[in-house]
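Presented below is the structure to which this report refers.
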Amino acid sequence: MTQRLYLYPGWLRLWHWSNAFLFAVLIVTGLSMHYADLDSPLVPFNVAITVHNIAGFILSALYLFFIAGNLVKGNWRHYVPVFNGFMGRAIAQARFYLFEIYRGGPHPIQPTMRQKFNPLQQITYLGVMYFLMPILVVTGLFLQFPTLAPDKILGAGGIWPMAVAHSVGAFFLSIFMMAHIYLATTGDTVTALFKHMATGWHEIHDAAEVESQGATDSPRGDS
Amino acid sequence: MKWKWFAVSLGVGWCASGMGAAQALRSDAQTDTLHLAQDCLQCHAPGADLSRFGVDPTLMVDSAKQVDHRIDPRLFAQSNHGTLACRICHIVGKEVYPHRKEVEGNFLACTYCHDGDSLSTALDFAGIEEQFKASVHWQKNERTRANFDCYTCHDPHVFDRTEETTAVPEVIRRDNTVCLNCHDNPANFEAVTDREFPYIRVTHEWLPNAELHWDHVRCVECHTPHTERFSHKILAKEESEHLCAACHSKDSILATTLYKHQFRESRRRRGFINAAILGDAYVIGMTRNAVLDRWSLRILWLVLIGLCVHGGLRALVAAKRRSRR
């Protein structure tokens, strides 16, 4: 028997996929600028900086849209960890990713309409969306408008800490994106969770059904 | 003053006999009444009370030729020529007032003093002349070449080339002022050329953060060839540097031009490559932190390998499960 939950409303999916696309663009153009080379540019510098600036602005605007959407629609509740038994559930989820996933065991924590993220997702998304993203947006704005930065920080030009924070933040977000995409393959089938995020409907199949569909690995994972 | 920076002289009436006379006068200069800068500045300082000497104030600025005869004492004192008496250079006709009209326009070329001395060797005046004649300033001003000389750009009364001890922002401001005197001033521009005044904000529309660039690099970084020694061959806009990565890269040209003196000390500080510029600017692509770069690459590889191993094992186990069924 399949249970269907509408976990990802239209506004969230629009934000998610736009964010994903912009992230990919920003990573490619950002890397191209960071490792700029006259002889073998990944993307020509002038193209990279223009595209990066535009994509950065749209990403920042989308971030505000995400925050507003979260507040208005109450989606923010999914990001607030339930501390009672949090460690136990987090360890169970980690054990699943590290060991039980190979046995095709069931997902230890099923998403519900009240709590769609498992503890590891919660803590990761909380850090990414409410810590790393603001850092990236704010430092990106300072890099775009350097005159806003302090003249001097620690005896050097005021913009370098912004640049370093931007690079470090972007690096961790890139790592997150890699892991996020990989973990999205850990659904009932490799593409199941991608489909969920495309349609908005999260489907929870029972074990027998999963087996009969010829699933490649574990049920229900990251989304 | 016409351009005779490098040659012995190109001015009207400047010939071998004139040169001889000038040399003779130079030796006499020490005894002239107008030999000290302070004497001349009684009239030539901005705001001087010219009525004391019955001088017509309108004579101090020749707007038709864009020549200003006023000298800022402070800037002159700070300049490379600040210790010289005026008549070391202004020999003929300036020993008395009113100055002798018939020798107006006769000035010394730089090579009159800087001929065979250590500075002339260091600066390579002959090379500068060659570069200047190949520059857009000479090439594109065929009809108005007579209006363009070394002193059009380099005012010997404020000229200061002590780059090694001057802060980079001051070097940038000083050098860009030379260019912007004409390129951001239609009146000055049209005084030396028939060409239509190009507004730099329009010609630099393609440049992201143009104002920021003008504050942090010199015009000549892009508008001269990237040679080991500074070139006076100012390039036309089509030939000028348009590749951002020329500066925005690890091997940035800024390391051998604007920041060459700073780079003699150390290229690395706090883990940054090209750290010498950190005090003044952060140039994307140039000022990278090598430590962060190294560790981020290591972590990235570890994560990639980890995900590949995890995914590979999942696929393997899933395949085994399927084969058992």
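The values are calculated or read from the model by the stated rules, or taken from the named source; none is laboratory data. Keep in mind it's a predicted model, so treat the numbers as computed, not measured. Note: ideal-geometry Cβ built from the backbone for every residue, glycine included; neighbour counts use all protein chains shown. Surface accessibility is based on the protein's heavy atoms, side chains included, excluding ligands, DNA and RNA. Shrake-Rupley method; radii C 1.70, N 1.55, O 1.52, S 1.80 Å.
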Axial C-alpha extent at least 18 Å, average Kyte-Doolittle at least -1.0 - helices from chain A (DSSP): A:10-34, A:45-73, A:160-183
Of the peptides B:174-185, B:50-61, how do they stack up when ordered by the mean number of other Cβ atoms within 10 Å, highest first? B:174-185, B:50-61
Leaving ligands, DNA and RNA out of it, report the carbon-plus-sulfur percent of the accessible area of the stretch A:2-212 at a 1.4 Å probe. 73 percent
Could you order the peptides B:191-198, A:147-154, B:129-136 from most to least packed, using the average number of other C-beta atoms within 10 Å per residue? B:129-136, B:191-198, A:147-154
How big a patch of accessible area, both sides summed and in Å² to the nearest 100, lies buried between B and A at a 1.4 Å probe? 3400 Å²
Note the full-extension length gain between residue A:35 and residue A:58 as 0.36 nm times their separation in residues minus their Cα-Cα distance, in nm to one decimal. 5.9 nm
Need one value for A:96-102: mean number of C-beta atoms belonging to other chains within 10 Å of its residues' C-beta atoms. 2
Subtracting the Cα-Cα distance from 0.36 nm times the residue separation, let me have the gained length for residue B:313 to residue B:143 in nm, one decimal. 53.4 nm
Within 10 Å of the Cβ of an average residue in A:34-42, the count of other chain Cβ atoms is 6
FRET efficiency for residue A:198 and residue B:301, Cβ-Cβ distance as r, R0 = 35 Å, nearest 0.05? 0.70
Taking Cα atoms of chain A, Rg/Rh with Kirkwood Rh, to two decimals? 1.03
From the cross-link list B:140/B:250; B:133/B:250; A:116/B:320; A:152/B:233; A:73/A:195, which pairs have alpha carbons spaced over 26 Å apart? B:140/B:250; B:133/B:250; A:116/B:320; A:152/B:233
Helix-derived mean residue ellipticity, 222 nm - over chain A, DSSP H n ≥ 4, -39500 (n - 2.57), to 500: -18000 deg cm²/dmol
